[in-house]
Amino acid sequence: QVQLVESGGGLVQAGGSLKLSCAASGRTFSRYAVGWFRQAPGKEREFVAAIKWSDNYADSVKGRFTISRDNAKNTVYLQMNSLKPEDTAVYYCAADGSHIILRADAAAYDYWGQGTQVTVSS
């Protein structure tokens, strides 16, 4: 069982930066892939980035967002730079303990956090 808690969301102007954190419980957290997803009002949840031993990004955030993890702290981070209004969404982190390769589909992830709101003003 893994419990996830996101933090770091907020309101930022376009071009600004935010760093999200995903704190996890569980002694085997390092074995899990962790993904960030986001959901804007009226839209489906979409993949943002994922990390295990490597990382993977959605095309829409490549070069702007960086995912990283600190297994000693059981925490995964999402550094978001050059934010755009279209990045506005609730951001969720999720953990996948079942698959070897990184997955971009939400159905692959077993555990989810409650989400943190990111709002980018123009």
Accessible surface of the chain, 1.4 Å probe, proportion on carbon and sulfur as whole %: 47 percent
Kindly report the accessible area of region 41-115 per residue (heavy atoms of protein chains, probe 1.4 Å, no ligands, DNA or RNA), in Å². 53 Å²
So the label point goes 7 Å from the Cα of Arg45 along Cα→C-beta, right? Which residues of region 59-93 then have their backbone N under 15 Å from it? 89-93
Lys19-Arg64 pseudo-label distance in nm [points 7 Å out on the Cα-to-Cβ vector]: 2.0 nm
Kindly list the residues of region 24-61 that lie in the label zone of Glu86, defined by a backbone N under 12 Å from the point 7 Å along the Cα-to-C-beta vector. 59-61
Quick one: how many Å² of Val5 are accessible to a 1.4 Å probe, rounded to 10? 80 Å²
Just round it to a whole percent: the fraction of Cα-Cα distances in region 29-122 exceeding 22 Å. 22 percent
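The values are calculated or read from the model by the stated rules, or taken from the named source; none is laboratory data. These numbers were taken from a predicted model, which means no experiment stands behind them. Reconstructed Cβ throughout: ideal geometry from the backbone, glycine too, with neighbour counts over all protein chains shown. Note: areas computed on protein heavy atoms with side chains; ligands, DNA, RNA excluded. Shrake-Rupley method; radii C 1.70, N 1.55, O 1.52, S 1.80 Å.
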